[in-house]
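Here is the structure we will look at, set down as structure tokens.
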Amino acid sequence: MAISTYTLLVIIGCGIVTFIPRVLPFIFVRKLALPDVVIRFLSFVPLAILTALFVQSLLITRANNFPLINLENLLASLPTIITAILTKNLMWIVVVGILSMAIIRLIL
């Protein structure tokens, strides 16, 4: 399969555009001493992002309707959340989440 020069340049350009905003902040902040308030604030960013992704996966949106609950994802998330609370081990959380979803899709 041949690739044109235009397609290659678009792929490289997209890679650069994706790479720059992720790397430049680390380069600039690396040598700065941030105040404790900022560090405390930034510590909540990953939790906020993961919560938004989690809630988004639990809802089914339709135009001009209220969101509905995705029953499969909700049922699979319950044992996964319990595993997360009890073990705090990412490997177990992922395994339980995958197995929960597989079992639910097999049953439903």
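The values are calculated or read from the model by the stated rules, or taken from the named source; none is laboratory data. Note that the coordinates shown come from a computational prediction; the quantities given were computed from them, not determined experimentally. Cβ sites come from the backbone with ideal geometry, for glycine too, and all protein chains shown count toward neighbours. In case anyone asks, the SASA skips ligands and DNA or RNA and just uses the protein heavy atoms, side chains included. Shrake-Rupley method; radii C 1.70, N 1.55, O 1.52, S 1.80 Å.
Laid out as a table, the results:
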{"item": "Single residue of Ile16, Ile69 found to be over 20 Å from the mean Cα position of the chain (by Cα) and open to solvent by 80 Å² or more (accessible area, probe 1.4 Å)", "result": "Ile16"}
{"item": "Qualifying residue in the stretch 52-60 (condition: touching a helix residue (DSSP H, G or I) at 6+ places or on another chain (Cβ under 9 Å), modelled with pLDDT under 95 and of a type in the set (Phe, Trp, Tyr))", "result": "yes"}
{"item": "Members of the stretch 80-97 found to be under 21 Å from Ile60 (Cβ atoms) and either open to solvent by 50 Å² or more (accessible area, probe 1.4 Å) or among the charged types (D, E, K, R) (or both), listed by number", "result": "Ile81"}
{"item": "Tally of residues being open to solvent by 100 Å² or more (accessible area, probe 1.4 Å) and over 17 Å from Met101 (Cα atoms) across the stretch 51-64", "result": "3"}
{"item": "Helices (runs of 4 or more DSSP H) contained entirely in the stretch 18-108, each with at least 3 residues that are in contact (Cβ under 8 Å) with a residue 24 or more places away in the chain", "result": "71-87, 90-107"}
